[in-house]
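A.B. asks: Right, I'll just put the structure down here and ask away after.
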Amino acid sequence: MPNIKQRFATFAAESPLQLLADPFPERVDIKLFLKRDDLLHPLVSGNKWRKLKYNLLAAKEQEYDTLLTFGGAYSNHLYATAAAGQVFDFRTIGIVRGDELATAPRNSTLAFCEACGMRLHFVNRTDYRRKDEPDYLRELQNMFGTGYVLPEGGTNELAMQGTAEVVPEIITQLGQISDYICCPVGTGGTVAGLARTAPDQTTVLGFLSIKAPDFQLPISSPSVQLLTDYSFGGYAKTTPDLLTFIKTFERRTGVLLEQVYTGKMLYGIYDLARQGYFADGATVVAVHTGGLQGRSRALD
Ligand SMILES: *Cc1c(COP(=O)(O)O)cnc(C)c1O
């Protein structure tokens with residue numbers, strides 16, 4: 001049985017950086033690249049792979065055999081953690097928001113988690129809000145056994161160390177510093193990691209996929225801008241306009257997006273580009289953070 005580092009080495013290569021040759025129907029003079037983190041791993045995809053990596057190594061080093069984490073019913077993080085448990089031999093416990101779901105038929109995300117062996121525990125919204133309280137974590141560990149705790153969305157210090165690695169990869173692949181690096185924002189771990197390693201000449205644009213951040217970003221960098229205009233009404237909300245944009249983008253580029261995160265970011269980048277936000281010739285890198293397990297059937 002290979003150890004965890006050997007297993008990482010088998011499939012955690014860098015993700016490709018792709019220039020979109022003809023992304024705009026009209027003339028827009030920027031060079032738009034996609035950093036294809038969605039291709040990092042077929043199941044532990046995108047930024048969730050980056051965020052789990054050093055946590056999984058720490059959990060193994062500290063000899064945990066169980067991961068315990070939190071998420072909503074459609075959580076990409078729960079999905080990725082369940083898959084990572086399979087790949088790296090951890091038991092996994094998922095605390096899911098919504099006790100009414102316990103008896104409901106499983107959606108595809110939760111069905112996948114269970115198929116990976118994740119034990120799901122459904123809690124009401126009041127309990128779920130206690131997810132970061134030490135007392136509550138102790139209660140859960142008494143119920144399910146000691147586990148390495150990953151917060152909701154997987155965002156912690158080690159997660160940011162993982163997402164920070166995206167920027168030097170981009171610089172090496174581009175052979176130069178990018179003017180802009182863009183990513184979607186949920187809990188903020190991804191954008192905070194990018195901000196750590198982004199050079200001063202790079203502006204990091206975070207596109208909020210939620211209405212208002214319920215977190216304080218651990219960012220002190222002046223080169224980060226959080227954009228709130230492209231949340232389309234809030235987390236997992238969509239509009240016909242957004243879905244049409246995604247379908248058109250997919251047809252034009254051959255790259256699939258989803259409607260919760262990456263579609264909103266790219267909609268925002270296109271909108272800004274058309275308004276002349278980016279200088280002529282600017283290099284714009286959009287991080288494709290994955291999440292395709294949650295892609296809506298309305299996009300097919
Ligand atoms: C979870 C997720 C995000 C949000 O990342 P945060 O680090 O929580 O801000 C963005 N894109 C995709 C596809 C995700 O699954």
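The values are calculated or read from the model by the stated rules, or taken from the named source; none is laboratory data. Model, not experiment: these values are computed from the prediction. In this analysis, Cβ positions are derived from the backbone assuming ideal geometry, glycine residues included, and neighbour counts consider all displayed protein chains. Accessible surface is based on the protein model in full, side chains and every heavy atom, while ligands, DNA and RNA are left aside. Shrake-Rupley method; radii C 1.70, N 1.55, O 1.52, S 1.80 Å.
A.B. asks: With respect to Asp271, is the statement that it is open to solvent by 10 Å² or more (accessible area, probe 1.4 Å) and within 16 Å of Phe245 (Cα to Cα) true? Reasoning before the result, please.
C.D. replies: Working: open to solvent by 10 Å² or more (accessible area, probe 1.4 Å): yes; within 16 Å of Phe245 (Cα to Cα): yes.
Considered against the rule, which asks whether it is open to solvent by 10 Å² or more (accessible area, probe 1.4 Å) and within 16 Å of Phe245 (Cα to Cα), Asp271 comes out as yes.
A.B. asks: Count, please, the residues in segment 52-71 that happen to be open to solvent by 10 Å² or more (accessible area, probe 1.4 Å) and either in contact (Cβ under 8 Å) with a residue 12 or more places away in the chain or of a type in the set (Phe, Trp, Tyr) (or both).
C.D. replies: Just the residues of segment 52-71 that are open to solvent by 10 Å² or more (accessible area, probe 1.4 Å), to begin with: 53-54, 57-58, 60-65.
Subset that is either in contact (Cβ under 8 Å) with a residue 12 or more places away in the chain or of a type in the set (Phe, Trp, Tyr) (or both): 53-54, 57-58, 60, 62, 64-65.
Of the residues in that region, 8 qualify.
A.B. asks: Pick out the one residue from Gly175, Gly206, Gly188, Gly193 that is assigned by TED's automatic domain parsing to the domain that holds Leu272 and free of Cβ contacts under 8 Å to residues at least 12 places away in the same chain. Working first, answer last.
C.D. replies: On the way: Gly206 fails: free of Cβ contacts under 8 Å to residues at least 12 places away in the same chain; Gly188 fails: free of Cβ contacts under 8 Å to residues at least 12 places away in the same chain; Gly193 fails: free of Cβ contacts under 8 Å to residues at least 12 places away in the same chain.
When all the criteria are applied, what remains is Gly175.
A.B. asks: Give segment 218-242 a look and list any residue that's open to solvent by less than 40 Å² (accessible area, probe 1.4 Å) and modelled with pLDDT under 85, or say none.
C.D. replies: Of everything in segment 218-242, just one residue is open to solvent by less than 40 Å² (accessible area, probe 1.4 Å) and modelled with pLDDT under 85, namely Ser221.
A.B. asks: Still on this structure, I have one more. Quick check: is even one residue across segment 5-23 of a type in the set (Asp, Glu) and at pLDDT below 95? Let's see the steps before the verdict.
C.D. replies: Let us first name the residues in segment 5-23 that are of a type in the set (Asp, Glu), namely 14, 22.
Of the ones still in play, those that are also at pLDDT below 95 are 14, 22.
Checked against the condition, which is being of a type in the set (Asp, Glu) and at pLDDT below 95, segment 5-23 yields at least one hit.
A.B. asks: Starting from residues that are assigned to a strand (DSSP E or B) and of a type in the set (Val, Ile, Thr), keep the ones in segment 170-207 and report whichever is nearest to the ligand (Cβ to nearest atom). First the steps, then the outcome.
C.D. replies: As a first pass, look at segment 170-207 and keep what is assigned to a strand (DSSP E or B): 180-185, 203-207.
With of a type in the set (Val, Ile, Thr) added as a condition, the list becomes 181, 185, 203-204.
Numbers: Ile181: 14, Val185: 5, Thr203: 17, Val204: 12 Å.
Checked segment 170-207; the qualifying residue nearest to the ligand (Cβ to nearest atom) is Val185.
Residues are listed down the side, and each one gets a yes or a no for (1) away from the ligand (no atom under 16 Å from the Cβ); (2) among the basic types (Lys, Arg):
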| residue | (1), (2) |
| --- | --- |
| Phe245 | yes, no |
| Gly254 | yes, no |
| Gln259 | no, no |
| Gly263 | no, no |
| Gly268 | no, no |
| Phe278 | yes, no |
| Val284 | yes, no |
| Gly294 | no, no |
| Arg297 | yes, yes |
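A.B. asks: Are any residues in segment 124-150 in contact (Cβ under 8 Å) with a residue 40 or more places away in the chain and farther than 18 Å from Arg91 by Cβ, and if so, which ones?
C.D. replies: Result: Tyr128, Lys131.
A.B. asks: I'd like the residue in segment 141-157 that is of a type in the set (A, V, I, L, M) and surrounded by 17 or more Cβ atoms within 10 Å (Cβ to Cβ) and, out of all such residues, is farthest from Asn76 (Cα to Cα). Steps first, please.
C.D. replies: First pass over segment 141-157, keeping only residues of a type in the set (A, V, I, L, M): 143, 149-150.
Keeping just the survivors that are surrounded by 17 or more Cβ atoms within 10 Å (Cβ to Cβ) gives 149-150.
Working: Val149: 17, Leu150: 13 Å.
My answer is Val149.
A.B. asks: Here's a follow-up. Take the conditions open to solvent by 10 Å² or more (accessible area, probe 1.4 Å) and modelled with pLDDT under 95 and apply them to Leu101. Does it pass? So that I can check it myself, show each step before the final result.
C.D. replies: Details: open to solvent by 10 Å² or more (accessible area, probe 1.4 Å): yes; modelled with pLDDT under 95: no.
Against the criterion (open to solvent by 10 Å² or more (accessible area, probe 1.4 Å) and modelled with pLDDT under 95), Leu101 does not qualify.
A.B. asks: Across segment 113-140, what is the total count of residues that are open to solvent by 40 Å² or more (accessible area, probe 1.4 Å) and part of a helix (DSSP H, G or I)? Let's see the steps before the verdict.
C.D. replies: Going through segment 113-140, the residues open to solvent by 40 Å² or more (accessible area, probe 1.4 Å) turn out to be 114-115, 117, 119, 121, 124-127, 129-130, 132-135, 138-139.
Now restrict to residues that are part of a helix (DSSP H, G or I): 114-115, 125-127, 134-135, 138-139.
Count: 9.
A.B. asks: Going through segment 90-112 one residue at a time, which ones are in a loop (DSSP other than H, G, I, E, B) and closer than 12 Å to Tyr79 by Cβ? Full working, then the answer.
C.D. replies: Going through segment 90-112, the residues in a loop (DSSP other than H, G, I, E, B) turn out to be 90, 98, 102-107.
The one that is in a loop (DSSP other than H, G, I, E, B) and closer than 12 Å to Tyr79 by Cβ: Asn107.
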